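Below is one structure; the comments refer to it alone.
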Amino acid sequence: MSELRRVMCVEDDPDIRMILEFSLATLGGYEVCLCPGGQQALVQAPAFAPDLVLLDVMMPGLTGPQTLEALRAQAGMQGVPVVFMTAKALPHEVEDLLQYGATGVMVKPFDPVTLAQDIRIYWEHGRGIVAG
């Protein structure tokens, strides 16, 4: 397994993007690519080559599941772990999201101080872990 270095964050809320950047780049030391929506993620993913993608579920335009499906169709993105971020975390909703092929589901609001550690858990331990 290679090292977790590059994290793409796809989130339409500018305040949450700012928190993600602070948590992951400043506190976590990761190289971060911030995308305000699914279309931007599809454009930037090939050049950025993320090691992990944090993907908001409810966004205007392409939803998180639609974005995940489109990312999986891109060369080099099939095996990249994708973690959905959502405020809707009832067990059946989490299971529905995992059915799309996500590695995990992170519940909003997340803890900005532990986010870098939380995504490492997804990276190291894989599918189905639910943090938050």
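Please treat every number below as a calculation from the coordinates, not as lab data. Quick caveat: nothing in here was measured; it's all calculated off a predicted structure. Cβ sites come from the backbone with ideal geometry, for glycine too, and all protein chains shown count toward neighbours.
Worth pointing out:
- Computed from the alpha carbon atoms alone, the convex hull of the chain holds 91 Å³ per residue.
- Label-point separation, SER2 to GLU31 (7 Å along Cα→Cβ), nm: 1.0 nm
- Region 56-112: C-alpha gyration tensor shape, a/c 1.5 cut-off, then a/b vs b/c: prolate
- Taking other Cβ atoms within 10 Å as a rough exposure proxy, SER23, SER2 sort from fewest to most as SER2, SER23.
- Net +/- balance of residues flanking PRO50 in space, Cβ distance below 12 Å, scoring K and R +1, D and E -1: 0
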